[in-house]
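Remarks on the structure that follows.
The values are calculated or read from the model by the stated rules, or taken from the named source; none is laboratory data. A quick note: this is a predicted structure, and the numbers were derived from the prediction, not measured. No Cβ is skipped: glycine too gets one built from the backbone with ideal geometry, and neighbour counts run over all protein chains shown.
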Amino acid sequence: MASDEDVLGRIHALVEEEHQLRTRRENDELDGDAEQQRLQALEVELDRCWDLLRQRRALRDAGQDPDAASARPGEQVEGYLG
């Protein structure tokens with residue numbers, strides 16, 4: 001199972017890639033649908049990573065094993081209302 005540090009490292013890498021793509025989009029430099037789709041996929045993956053990190057922290061705070069947390073599907077994470 002990934003540690004909190006592993007998840008945070010993944011988040012930082014995704015944020016960096018997202019920032020690069022958003023900058024390219026602002027400058028009208030995106031190469032078609034593929035990069036736009038990648039940007040959307042990054043947003044979902046970031047949400048999944050943040051959700052996993054929140055799960056791990058909640059389990060730890062409750063005195064349970066944070067390794068019991070698992071990444072949820074993007075459809076589920078994206079469906080949250082709060």
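Observations
- Among residues of region 1-36 being in contact with a helix residue (DSSP H, G or I) (Cβ under 9 Å, 6 or more places away or on another chain), part of a helix (DSSP H, G or I) and among the aliphatic types (A, V, I, L, M), the one that is modelled with the lowest pLDDT is L21.
- Residues considered: L39, L46. Of these, the only one that is out of contact with any Phe, Trp or Tyr (no Cβ under 6 Å at 6 or more places or on another chain), surrounded by 14 or more Cβ atoms within 10 Å (Cβ to Cβ), modelled with pLDDT of 95 or more and assigned to a helix (DSSP H, G or I) is L46.
- Residue match in region 52-61 (condition: surrounded by 15 or more Cβ atoms within 10 Å (Cβ to Cβ), in contact with a Lys or Arg (Cβ under 6 Å, 6 or more places away or on another chain) and touching a residue at least 12 places away in the same chain (Cβ under 8 Å)): no
- Options D61, D51: the member that is in contact with a helix residue (DSSP H, G or I) (Cβ under 6 Å, 6 or more places away or on another chain) and farther than 18 Å from E16 by Cα: D51
- Condition check for D6: of a type outside the set (A, V, I, L, M) and within 13 Å of the chain's Cα centre (by Cα): yes
- Restricting the first member to region 20-43 and to residues that are of a type in the set (G, A, S), and the second to residues that are surrounded by 13 or more Cβ atoms within 10 Å (Cβ to Cβ), the beta-carbon pairs closer than 9 Å and six or more apart or on different chains are A41/G74.
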